[in-house]
Each structure stands twice: as C-alpha cells, then as structure tokens.
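A quick write-up on the structure given underneath.
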Amino acid sequence: MPETTTATPKAKSKPVAIGAPAFEMPKFEMPKFEMPKFEVPSVFREFAEKGVAQAKENYEKVKSAAEQATDVLEDTYSTASKGCASYGLKLIEVTRANSDAAFDLMSELMTAKSYSEMVELSSAYLRRQFDALIAQTKELSEHAQKVATETAEPIKESISNLSKAA
C-alpha cells in the first residue's frame, strides 16, 4: 500500500503596504436641531400637577402599607421563634422524663430477684409510660396549637384592619 500524505493548506499572509497611512474612520458631524419653543397649555400643566400629587399620595399609602406589613411580619416571626423555642424546651423536658423513667426501670431490673419480678416491673413500666405518653402528647399538641394561634394572631389582625380600611 502506498503511503499518501495530505498537504495542509498554508495560511495566506496579508499584504503589507509600506509607507501607507493607517485607516481612520471618517468624522461626521451631527446636525444640531433646536427644539421649537412653545407654551404648554395650563390645562395640561394642571393635569400633570394633579397626576404628580396623586402619585405622591399613592406612594405614601403604599409605603405606609409596606411598613405596616413589615411590622406585622417582624411580630409574627418573633412570636413564632419564641413559640418554637418553648416547644423545643417542652420536647427536651419530655425526653428527659422518658429517659429518667427508662434508667429507673433498668436499675430496678438489675435488682430483680426472679423472672416474674422482671416481668411485673416491665409491665408496670409500660403502663406508666403509656399513660405518660398520652399526657405528653396532649400537652405537646396543646402547646403547638397555642404557638400556632399566637403566631397567626398578628396576621389575622392586620387582615381585618385592611378589610375595614377598604
């Protein structure tokens, strides 16, 4: 098989003009147009002034409403964060009580003298824990409901104020 070689095309070099001046963009001057002087009718001026005054008034209303909404959101966030923190503390309290009960059971089981006594201690523990779980669940759900109600209260007030204003 004969070997074939392909020649790569060479880049053509650009002709260089020796002593030729560099190309410059032509300079054009823009014609100057003067605006005609005319008087704006007083009706249009009054209309424009009323429009500006109304825009300022609407801006102030929107600004006031935005500030009120910001205050409501700050109050809501503050209430929600305090409520979540107190809920977390209640949850830690419940967990600690359950852990203490479990450790108490373990120490009682270590001192048990028979298998029947271990079953009796375990059964009593499970009954106590079931009752405690019901009470803890009720307490935590009431607390969560209280937090949700307190958090939603500022929003409900601001909505009722907006509906009264409208």
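Hey, any hits in the range 73-83 for a residue that's in contact with a helix residue (DSSP H, G or I) (Cβ under 7 Å, 6 or more places away or on another chain), of a type in the set (D, E, K, R), farther than 30 Å from Gln129 by Cβ and in a helix (DSSP H, G or I)?
yes
Only residues in the range 55-79 that are over 12 Å from Ser158 (Cα atoms) count as the first member; pair them with residues that are part of a helix (DSSP H, G or I) and open to solvent by less than 100 Å² (accessible area, probe 1.4 Å), Cβ under 6 angstrom, at least 6 apart or cross-chain, and list the lot.
Thr79/Glu150; Thr79/Thr151
If the requirement is being closer than 30 Å to Leu89 by Cβ, open to solvent by 70 Å² or more (accessible area, probe 1.4 Å), under 42 Å from the mean Cα position of the chain (by Cα) and not acidic (Asp, Glu), which of these qualifies: Gln145, Gln129, Gln136? Walk me through it before giving the result.
Details: Gln129 fails: open to solvent by 70 Å² or more (accessible area, probe 1.4 Å); Gln136 fails: open to solvent by 70 Å² or more (accessible area, probe 1.4 Å).
Step by step, each of Gln145, Gln129, Gln136 is checked, and only Gln145 is closer than 30 Å to Leu89 by Cβ, open to solvent by 70 Å² or more (accessible area, probe 1.4 Å), under 42 Å from the mean Cα position of the chain (by Cα) and not acidic (Asp, Glu).
Can you pull out the residues in the range 44-76 that are open to solvent by 100 Å² or more (accessible area, probe 1.4 Å), within 29 Å of Ala148 (Cβ to Cβ) and either of a type in the set (S, T, N, Q) or touching a Ser or Thr at 6+ places or on another chain (Cβ under 9 Å) (or both)?
Gln68 - this is the single residue of the range 44-76 that is open to solvent by 100 Å² or more (accessible area, probe 1.4 Å), within 29 Å of Ala148 (Cβ to Cβ) and either of a type in the set (S, T, N, Q) or touching a Ser or Thr at 6+ places or on another chain (Cβ under 9 Å) (or both).
The values are calculated or read from the model by the stated rules, or taken from the named source; none is laboratory data. Worth saying up front: this structure is predicted, and the values here are computed from it rather than measured. Note that we place each Cβ from the backbone using ideal geometry, even for glycine, and neighbour counts take in every protein chain shown. In case anyone asks, the SASA skips ligands and DNA or RNA and just uses the protein heavy atoms, side chains included. Shrake-Rupley method; radii C 1.70, N 1.55, O 1.52, S 1.80 Å.
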